[in-house]
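The values are calculated or read from the model by the stated rules, or taken from the named source; none is laboratory data. Model, not experiment: these values are computed from the prediction. Note that we place each Cβ from the backbone using ideal geometry, even for glycine, and neighbour counts take in every protein chain shown.
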Amino acid sequence: MTTTLCVFEDPGYTQLLPLVYLRPTWDLRCGILTLGEKIERAFPGKSTQFSCRDYLADLVREQYPERTVNAPLAGECLLINGRVLADASFAQWLQGVEQDTLCVRGSIVVAAKLSAVFARRLQLDSSSLLDFSGLSQLRRRECTQPAISYPWDLVNNNGAQIITDFGILTSGSPITRHGTVYPGAHLMTPDAIALGPQSSIKPGVVLDAENGPIMIGANVRILPNAVIEGPAYIGDGSLIKVGAKIYEHTSIGPVCKVGGEVEASIIHAYSNKQHDGFLGHAYLSPWVNLGADTNNSDLKNNYSTVRVKIHGREVDSGSLFAGLIMGDHAKSAINTMFNTGTVVGVGSNVFGGGFPPKDIPSFSWGGAEEMTTYDIDKCIAVARKVMERRKKSLTPVEETVLRKVFALTEQERV
């Protein structure tokens, strides 16, 4: 009997808001691949289904039409938490775990191996998340596999994950460079640089892979005098502007336009930071646009660890470096300055002088002097225009989810 692989969300998703208001946890990027892509590669040959929050179910069905979503579990199941950084060693470790076992790390259920009998007993909570509390009679086994708990975990693990993913994606084959490298471009440690089809590296570009690999996808343009230090990833269809400085541990794209200075950051997809300005230790969700000379601080002047407000609760990141966390369809105007550990919610529009608040609710309009609610109809109209510029359309399901998130975040704006 083929064991079903079920990738599931757990209540820990709240600690990853606002990044996961419009996607399940496994669609977050860390390294080159998303968390879900890592899981499926670690457990090949299995039939995969997803278990997510109820309001996201139709969106996940639309984005993954070949997958079963929020269906009752049937038969033997291997359940993997969508926040796990899965790899081959984790898959091998699970092979030695007995059936009907919960693999935990503290209070987190990292994975579960269930027979058909216990799979059928799994219940759902009020958000349609799997509830393991009814399986208290099962044996438990402590697991050391890392899981993403907060947004900065994605950023802090990004460099190592680029190296790991690069090895996975190039395993068993020589490093290939299909695109065009113009005379005058400099590739340092070329054996650690992969270049996809129809991509171009213009004169004066420096690709420095001495400290980690660089993977460049298909149809990428890197304009003259840009510098990229590895480990780094530039996704399909992205544009790196003239003179850009892309430092180590950075993932960009697909379909992003990036200029200025970027360090140790993740720009998920379809987002723009085209102009000068510093972005460091940040995570930008899709469809974000940063105005010219937008900067974020990622280090406090007193060199203490950065505290970040996550879902209404202030959390010590434990890290000296923590930059901007920005939800989908959010924007900043020119010369915007973000303080260390600033969180900007979905659909917000930030502008004006001075430092805006460090905790900006979803669908906010304003800056340091005043914040009001951004009308949801206007936000959706702009989102539609932005997506059309990238030959994408806002589907009715996506619009429904945006309106749902607007309702879910109403109290944040009070």
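Out of the stretch 281-323, which residues are in a strand (DSSP E or B) and either without any contact (Cβ under 8 Å) to a residue 12 or more places away in the chain or closer than 17 Å to L19 by Cα (or both)?
Y283, L284, N289, L290, V308, K309, I310, R313, E314, V315, D316
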Notebook entry, point to check: Taking helices (runs of 4 or more DSSP H) that fall entirely within the stretch 95-180, which contain at least 2 residues that are over 25 Å from I325 (Cα atoms)?
Noted result: 116-121, 158-170
Next item on the list: Count, please, the residues in the stretch 30-56 that happen to be closer than 25 Å to F363 by Cβ and either free of Cβ contacts under 8 Å to residues at least 12 places away in the same chain or crowded, with 24+ Cβ neighbours inside 10 Å (or both).
Entry: 2
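Matching residues to (1) buried (at least 21 other Cβ atoms within 10 Å of the Cβ); (2) in contact with a strand residue (DSSP E or B) (Cβ under 7 Å, 6 or more places away or on another chain):
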{"site": "I214", "(1), (2)": "yes, yes"}
{"site": "V220", "(1), (2)": "yes, yes"}
{"site": "N225", "(1), (2)": "no, no"}
{"site": "I234", "(1), (2)": "yes, yes"}
{"site": "G243", "(1), (2)": "no, no"}
{"site": "E248", "(1), (2)": "no, yes"}
{"site": "S251", "(1), (2)": "yes, yes"}
Notebook entry, point to check: Just wondering, is there one or more residues in the stretch 354-376 that are in a helix (DSSP H, G or I) and surrounded by 15 or more Cβ atoms within 10 Å (Cβ to Cβ)?
Noted result: yes
Note to self: Testing S332 on (1) free of Cβ contacts under 8 Å to residues at least 24 places away in the same chain; (2) touching a Leu at 6+ places or on another chain (Cβ under 7 Å); (3) not hydrophobic (A, V, I, L, M, F, W, C), one condition comes back false. Which one is that?
What the structure shows: (1)
Next item on the list: Check P183, P254 and return the single one that is within 20 Å of the chain's Cα centre (by Cα), modelled with pLDDT of 95 or more and outside the structural domain of S317 (by TED's automatic domain parsing).
Entry: P254
Notebook entry, point to check: Out of all the residues in the stretch 255-268, which are free of Cβ contacts under 8 Å to residues at least 60 places away in the same chain and in contact with a Gly (Cβ under 6 Å, 6 or more places away or on another chain)?
Noted result: G260, E263
